[in-house]
Amino acid sequence: MRTFVRIVVWLGLAFAVVSVAAVLVYRFVPPPGTPLMVLRKFDDRYSGRVRQRWVPLRRISRNVVRAVIASEDARFCQHNGFDFDAIQQALEEDRKGGPRGASTITQQTAKNLFLWPYRDYVRKGLEAWFAVLLELLWSKDRILETYLNVAEWGDGIYGIESAARRYYRRPARRLTRNQAAYLAAVLPNARIFSPIHPTRVTRARAATVLRRMNAVALGRKRLCP
């Protein structure tokens, strides 16, 4: 039993050290890929192609930044990785049989960058661990920059630069408010919904994003004022 406990402790310490090291490296170095990209590449249901162009936050339109925050995590600049008000609301909606979802941009970045896409308790626990590390070791700018560069925007389309060029034939820094709103509107399930062939649901969601964008305040030098 003592040997087993020692092994578990050493494995836990090794995981903690490796995960902290990985987070520190990716604070400065663009990640070469994500687990989701690897899974999609070898999944027969998808094309197998991976299109991604990493761009720094300064080369991404502020329209995109406002649209994604308005759509995915309105309190991004206020919380420390977990939006407990949104979690409480999601629990209440779950009890009523409504839609669930309270993951912050930090949690989604942790999941996209380090973990598998399938929902289970182990992944949610690891997601929380990595979210804490991101908030401790990265700036808010780096978290959002990474999220926008690894998010899936369609079959084989990863990152806002690839999405902007694929759908609108322009770089991410030149995206308009409407284009940014539609890209944010399809982000929860971009393999089903298209920003350039919107359904009624997509149009309604984009209209909501456009209204909420006005309430997103951004700093001049740093993302969060």
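The values are calculated or read from the model by the stated rules, or taken from the named source; none is laboratory data. Everything quoted here is computed from the prediction, not taken from an experiment. So basically every Cβ, Gly included, is an ideal-geometry build from the backbone, and we count neighbours across all protein chains shown. Heavy atoms of the whole protein, side chains included, go into the accessibility calculation; ligands, DNA and RNA do not. Shrake-Rupley method; radii C 1.70, N 1.55, O 1.52, S 1.80 Å.
Total residues in segment 192-213 satisfying the condition of being assigned to a loop (DSSP other than H, G, I, E, B), under 18 Å from ARG177 (Cα atoms) and free of Cβ contacts under 8 Å to residues at least 24 places away in the same chain: the figure is 2.
Assessment of segment 141-163 against the conditions (open to solvent by 60 Å² or more (accessible area, probe 1.4 Å), among the charged types (D, E, K, R) and part of a loop (DSSP other than H, G, I, E, B)) yields at least one matching residue.
Evaluating ARG58 against the criteria (1) over 30 Å from THR208 (Cβ atoms); (2) open to solvent by 70 Å² or more (accessible area, probe 1.4 Å) leaves one unmet condition, (1). Taking segment 115-132 as the range and being open to solvent by 40 Å² or more (accessible area, probe 1.4 Å), part of a helix (DSSP H, G or I) and either aliphatic (A, V, I, L, M) or under 23 Å from VAL29 (Cα atoms) (or both) as the test, the residues that pass are VAL122, LEU126, TRP129, VAL132. Any residue at all in segment 92-108 that's under 22 Å from ARG212 (Cβ atoms), modelled with pLDDT under 95 and in a helix (DSSP H, G or I)? Yes, that holds for at least one residue. Return yes or no: is ALA185 modelled with pLDDT of 95 or more, under 15 Å from the mean Cα position of the chain (by Cα), within 20 Å of ASP83 (Cα to Cα) and not hydroxyl-bearing (Ser, Thr, Tyr)? No.
Restricting attention to segment 14-45, report how many residues are in a loop (DSSP other than H, G, I, E, B) and closer than 28 Å to ARG173 by Cβ.
Selection size over segment 14-45: 6.
Restricting ARG165, ARG191 to those that are among the charged types (D, E, K, R), closer than 21 Å to GLN52 by Cα and more than 19 Å from the chain's Cα centre (by Cα) reduces the list to ARG165. Screening GLU135 against (1) farther than 28 Å from ARG27 by Cβ; (2) at pLDDT 95 or above leaves a single unmet condition, (1). For segment 164-191: of the residues being in a loop (DSSP other than H, G, I, E, B) and closer than 10 Å to VAL64 by Cα, which is least open to solvent (accessible area, probe 1.4 Å)? By that ranking, first place goes to LEU175. Here is the figure for segment 1-35: residues that are open to solvent by 100 Å² or more (accessible area, probe 1.4 Å), closer than 30 Å to VAL55 by Cα and at pLDDT below 95 total 1.
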